[in-house]
1. Just give me the residues in segment 1-30 being more than 18 Å from residue 144 (Cα to Cα) and touching a residue at least 40 places away in the same chain (Cβ under 8 Å), in sequence order.
2. On the given criteria, is residue 29 touching a strand residue (DSSP E or B) at 6+ places or on another chain (Cβ under 7 Å) and either at pLDDT 95 or above or surrounded by fewer than 17 Cβ atoms within 10 Å (Cβ to Cβ) (or both)?
3. What's the number of the only condition in (1) out of contact with any strand residue (DSSP E or B) (no Cβ under 6 Å at 6 or more places or on another chain); (2) under 23 Å from residue 114 (Cα atoms); (3) surrounded by 13 or more Cβ atoms within 10 Å (Cβ to Cβ); (4) modelled with pLDDT under 95 that residue 56 fails to meet?
4. Which members of segment 75-88 meet the condition of being surrounded by 12 or more Cβ atoms within 10 Å (Cβ to Cβ) and either assigned to a loop (DSSP other than H, G, I, E, B) or within 17 Å of the chain's Cα centre (by Cα) (or both)?
5. Would you point out which residue out of 38, 46 is touching a residue at least 12 places away in the same chain (Cβ under 8 Å), closer than 20 Å to residue 105 by Cβ and crowded, with 18+ Cβ neighbours inside 10 Å?
6. Among the candidates 63, 112, single out the residue that is more than 30 Å from residue 16 (Cα to Cα), assigned to a loop (DSSP other than H, G, I, E, B) and modelled with pLDDT under 95.
7. For residue 101, state whether it is in contact with a helix residue (DSSP H, G or I) (Cβ under 9 Å, 6 or more places away or on another chain), buried (at least 18 other Cβ atoms within 10 Å of the Cβ) and either within 17 Å of residue 149 (Cβ to Cβ) or at pLDDT 95 or above (or both).
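The values are calculated or read from the model by the stated rules, or taken from the named source; none is laboratory data. Just so it is clear, the model here is predicted, and its values are computed rather than measured. Note: ideal-geometry Cβ built from the backbone for every residue, glycine included; neighbour counts use all protein chains shown.
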């Protein structure tokens, strides 16, 4: 789905709208394109996901609640949707070598904004030492499932 603007579909076009890891959920647009009785089903990134990794690399950061289950419920209901299920989960993520950390940070850009190996050489060295001493670096990935219906 686009981050802004209307979805390129007519009103009440779908019985089902699926979304996985949206950057932004355009709740009003989802409600508009769903038929009455239609369902929105999405796996979303939760608030503070992989926070331990972010904090290790750049220091403690505030956790935004824009990706919380409470925000999802509030925004879905404000768009006229009925929230049927909202299931958070915390998943353990473990890195066993610093190369895996580098690969992850290059793919999941928002974890450490502006990450480069050169720019974070000292923190990567500290990460390597942590993994050598403890066998891994663990953090928590947060996700939630949301199922909403247009009445």
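1. Passing the criteria: only 28.
2. The answer is no for residue 29.
3. (4)
4. Selection gives 75, 76, 79, 80, 81, 86, 88.
5. Working: 38 fails: closer than 20 Å to residue 105 by Cβ.
Result: 46 is the single residue among 38, 46 that is touching a residue at least 12 places away in the same chain (Cβ under 8 Å), closer than 20 Å to residue 105 by Cβ and crowded, with 18+ Cβ neighbours inside 10 Å.
6. Answer to the selection: 63.
7. yes
Condition check ((1) in contact with a helix residue (DSSP H, G or I) (Cβ under 6 Å, 6 or more places away or on another chain); (2) in contact (Cβ under 8 Å) with a residue 40 or more places away in the chain; (3) more than 14 Å from residue 147 (Cβ to Cβ)) across all residues:
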{"residue": "56", "(1), (2), (3)": "no, yes, yes"}
{"residue": "70", "(1), (2), (3)": "no, no, yes"}
{"residue": "85", "(1), (2), (3)": "no, yes, no"}
{"residue": "94", "(1), (2), (3)": "no, yes, yes"}
{"residue": "105", "(1), (2), (3)": "no, yes, yes"}
